[in-house]
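Report on the structure given below.
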Amino acid sequence: MDFVDYYKLLGIEKTATPKEIKSAYRKLARKHHPDLNPNDKDAKRKFQQINEANEVLSDPEKRKKYDQYGKDWQHSEQFEKQQQYQNQNRSSRSGSSGYSQTQSDSDFSDFFESMFGGARGAGRSRQVKYRGEDYTTELQLELTDAYKTHKQTLNVNGEKIRITVPAGIENGQTIKIAGHGGKGINGGPDGDLYITFSISNHPDFKRLGNDLFTTVDLNLYKAVLGGEITIDTLNGKVKLQVKPETQSGNKVKLKNKGFPVYKNEGQYGDLYVTYSIKIPTNLSEKQKELFNQLSEM
Amino acid sequence: METEYLIAIDEFCTSHNIEISFVSSLQQSGLIEITTRKNSTFIEADQLKQLEKFIRLYYELDINLEGIETINYLLQRIGSMQDEITSLRNRLRLYENE
């Protein structure tokens, strides 16, 4: 556990007045407040640090203790006694102030917890009912997983949550699971859980919206003469008629063979197949002779 | 018929220890919508999160109403730009590993 220099965090001198502390805190809070930096974990962490610094330095008693024992807190016998006393009384304390009300105790550093206990007494006197903290998490899916509606079990802060992932979910899409965030404070409603999906690339299929794109190898003879081939889709194999004299790079569209449309059951995008013609290699003498004949015709 | 979840503004203000005039100012600025039923004013539950955010900005960060309006507008722009980035990233994946 490292010593945390609260003065340095707020960018102030040790002689700073309460007004200077408040001003420094406000300035930094406006920069790093989670409301102003949505989905920015670094800003959230930074805000928690400056909030913690403000909790200590804006409270004359805590500041005095911090100034007295701060750096040597681990070796202070007096501090140890104080800590024991605080631990005994920890359960009788309540609440904190401001944004940190919506967060768990672990949002304060181990250093703070050890020196001042788990609770945070300073701050506003308003007894506010707050919504619980919104939780965010990321769920990694394969493209084939996102193709079908399926159930997933998530472990969020020790709680198992079973969710249904609708077919057609998009990479980067976020869904809200209402009421599965942090517990509300002072009787406020629980927060929500936001899940952002990250869908891995598939080796054979690329996705754009509801359409899929794939490349199919075609041998020279089939490309020249045409014929039937069987190709893979995400929903099994399909037969495809190749037109004679098909060129490399030619595209065909297979209607409704693409990706399911999100929350529109039974609707699908299209599958675009691009042909890549493969020239035969390791030709036999006979084959070379026949190609020569063709070229001279 | 769709169920409406409404929260009485006077109760909300009492529990949050804030002035009703602040909520009215937010409505006048177009930042929130207030519903009136039988001479009482309510806010829809899905606006609660926004309202609490405005309260934090006003009371904890000392940002005035004009500042909140500006921040809200910019956050909306950031949100739509982030959506656009996600959409462009997904489009870019078409050309990756080719």
### Task
Among the residues of region B:3-17, count how many are of a type in the set (S, T, Y) and away from every other protein chain (no Cβ under 13 Å).
1
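Return the residues of region A:280-297 that are of a type in the set (A, V, I, L, M) and not in a helix (DSSP H, G or I); say none if nothing qualifies.
Pass one, region A:280-297, residues of a type in the set (A, V, I, L, M): A:283, A:290, A:294, A:297.
The answer is A:L283, A:M297.
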### Query
Can you name every residue in region B:38-54 that is at pLDDT 90 or above and more than 8 Å from every other protein chain (Cβ to nearest Cβ)?
B:S40, B:T41, B:F42, B:I43, B:E44, B:Q47, B:Q50, B:L51, B:F54
### Message
Anything in region A:175-190 that is within 13 Å of chain B (Cβ to nearest Cβ) and without any contact (Cβ under 8 Å) to a residue 24 or more places away in the chain? List them, or say none.
### Response
A:K176, A:A178, A:G179
### Query
If you take the residues in region A:245-275 that are in a loop (DSSP other than H, G, I, E, B) and of a type in the set (A, V, I, L, M, F, W, C), which one is nearest to A:V224 (Cα to Cα)?
A:F259
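Enumerate the helices (runs of 4 or more DSSP H) found wholly within region A:2-64, keeping only those where 1 or more residues are within 14 Å of chain B (Cβ to nearest Cβ). Lay out the reasoning, then the answer.
Details: elements: A:6-10, A:18-32, A:41-57.
Here the list reads A:18-32, A:41-57.
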### Message
Given the options A:L208, A:L193, A:L139, name the one that is in contact (Cβ under 8 Å) with a residue 24 or more places away in the chain, out of contact with any Pro (no Cβ under 6 Å at 6 or more places or on another chain) and surrounded by fewer than 18 Cβ atoms within 10 Å (Cβ to Cβ).
### Response
A:L139
### Task
Would you be able to say whether some residue in region A:180-189 is over 25 Å from the mean Cα position of the chain (by Cα) and not assigned by TED's automatic domain parsing to the domain that holds A:K148?
no
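Identify all residues within region A:143-173 that are within 14 Å of chain B (Cβ to nearest Cβ) and among the hydrophobic types (A, V, I, L, M, F, W, C); write none if there are none.
Start the filter on region A:143-173 by keeping residues that are within 14 Å of chain B (Cβ to nearest Cβ), which leaves A:143, A:146, A:168-173.
Result: A:L143, A:A146, A:I169.
Name the single residue that is farthest from B:L65 (Cα to Cα) among those in region B:2-19 being assigned to a helix (DSSP H, G or I) and of a type in the set (D, E).
Restricting attention to region B:2-19, the residues satisfying the condition of being assigned to a helix (DSSP H, G or I) are B:9-16.
From what is left, the residues that are of a type in the set (D, E) are B:10-11.
Values: B:D10: 20, B:E11: 22 Å.
Only one residue tops the list, namely B:E11.
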### All positions within region B:31-58 that are over 15 Å from A:P189 (Cα atoms) and free of Cβ contacts under 8 Å to residues at least 12 places away in the same chain
B:T36, B:K38, B:N39, B:R56
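Could you list, in sequence order, all residues of region B:55-98 that are among the aromatic types (F, W, Y) and either at the interface with chain A (Cβ under 9 Å from one of its Cβ atoms) or touching a Ser or Thr at 6+ places or on another chain (Cβ under 7 Å) (or both)? Write out each step before concluding.
Start the filter on region B:55-98 by keeping residues that are among the aromatic types (F, W, Y), which leaves B:58-59, B:73, B:95.
Residues satisfying the conditions are B:Y59, B:Y95.
Using the structure shown, decide if B:E60 is at pLDDT below 90 and either among the acidic types (D, E) or touching a strand residue (DSSP E or B) at 6+ places or on another chain (Cβ under 8 Å) (or both). Steps first, answer last, please.
On the way: at pLDDT below 90: yes; either among the acidic types (D, E) or touching a strand residue (DSSP E or B) at 6+ places or on another chain (Cβ under 8 Å) (or both): yes.
So B:E60 passes the test.
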### Task
Mind listing whichever residues of region A:174-189 are assigned to a loop (DSSP other than H, G, I, E, B) and crowded, with 17+ Cβ neighbours inside 10 Å?
A:H180, A:G181, A:G182, A:G184, A:G188, A:P189
### Message
Take the conditions β-branched (V, I, T) and surrounded by fewer than 16 Cβ atoms within 10 Å (Cβ to Cβ) and apply them to A:V242. Does it pass?
### Response
no
### Message
Exactly one of these conditions fails for A:N171: (1) assigned to a loop (DSSP other than H, G, I, E, B); (2) at pLDDT 95 or above. Give me its number.
### Response
(2)
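Any idea which of B:F22, B:F42 is farther than 16 Å from A:R30 by Cα and assigned to a helix (DSSP H, G or I)? Quick ask: steps written out before the conclusion?
Working: B:F42 fails: assigned to a helix (DSSP H, G or I).
Exactly one residue qualifies, and that residue is B:F22.
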#### Entry: Residue tally, condition exposed (fewer than 12 other Cβ atoms within 10 Å of the Cβ) and within 12 Å of B:I55 (Cα to Cα), over region B:22-44
0
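The values are calculated or read from the model by the stated rules, or taken from the named source; none is laboratory data. Bear in mind that the values here come from a model prediction, so they are computed numbers and not experimental data. Neighbour counts run over all protein chains shown; Cβ positions are idealised from the backbone, glycine included.
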